[in-house]
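Scroll down for the structure; my scribbles are underneath it.
None of the figures in this text is laboratory data; all of them are computed from the coordinates on show. Bear in mind the structure is a predicted one, so any value in this text is a computation, not a measurement. Positions of Cβ are backbone-derived with ideal geometry, glycine not excepted, and every protein chain shown enters the neighbour counts.
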Amino acid sequence: MNWLLALLTLIGGMALPLQAGVNATLSRYLGSPALAALMSFLVGTLALLAYYLLTRQELPTFTTLKNIPYWVWIGGVLGAFYVLIAVTVAHKLGSATLIALTVTGQMLASLTLDHYGLVGFVETSLSAGRIAGAILLIAGVVLIKIF
């Protein structure tokens, strides 16, 4: 594994609980988890637009856009769903429990996506080690919530 990619992924993961806490606090000020999530996405969209413009990337052609499968556009909806859930529950569950449950959900979905080779992932069959890892993650959630 490329160490730089691993480090960037680790830092991205470290940003999740911070994002959840910041957005949940914003929700308290705005009086609405949905509005806080919307504001978060608006600021994020502006940041991504600035990055896109600064890096001078080419716009896709109409033909390219026309040939994209319809189902790939749900990525934004899935991101919005997670952010809204996190904004709603972050201060109720606490950071550690929120992220433990998030990682467990990600792992269960990832095992399924890999096993069936869905949404572009390479097909990787379930194994005893992978199942044991998922069980240990679930046990970790229980331990984090209890203690």
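Once Kirkwood radius over Cα pairs in Å is worked out from the coordinates, which option in [x] 17.9; [y] 14.6; [z] 15.4 does it equal? Matching entry in [x] 17.9; [y] 14.6; [z] 15.4: [x].
Ordered by the count of other Cβ atoms within 10 Å of each Cβ, fewest first, ARG28, ARG130, ARG56 give ARG56, ARG28, ARG130. Each of ASN2, PHE147, GLY120 was scored by the projection of its Cα onto the charge dipole of the chain, and the greatest displacement toward the positive side belongs to PHE147; charges sit on the C-beta of Lys, Arg, Asp and Glu. Highest mean first, the peptides 94-102, 12-20 sorted by other C-beta atoms within 10 Å per residue fall in the order 94-102, 12-20. Of all complete DSSP H helices in the chain, those with a Cα span along the helix axis of 24 Å or greater and a mean Kyte-Doolittle hydropathy of 1.0 or more are 3-30, 33-54, 75-93, 128-146. Here the chain is treated with +1 on each Lys and Arg Cβ and -1 on each Asp and Glu Cβ, and its dipole about the Cα centre works out to around 300 debye. Note on LEU4 and ALA50: with the Förster distance fixed at 25 Å, the Cβ-Cβ geometry gives a FRET efficiency of about 0.60.
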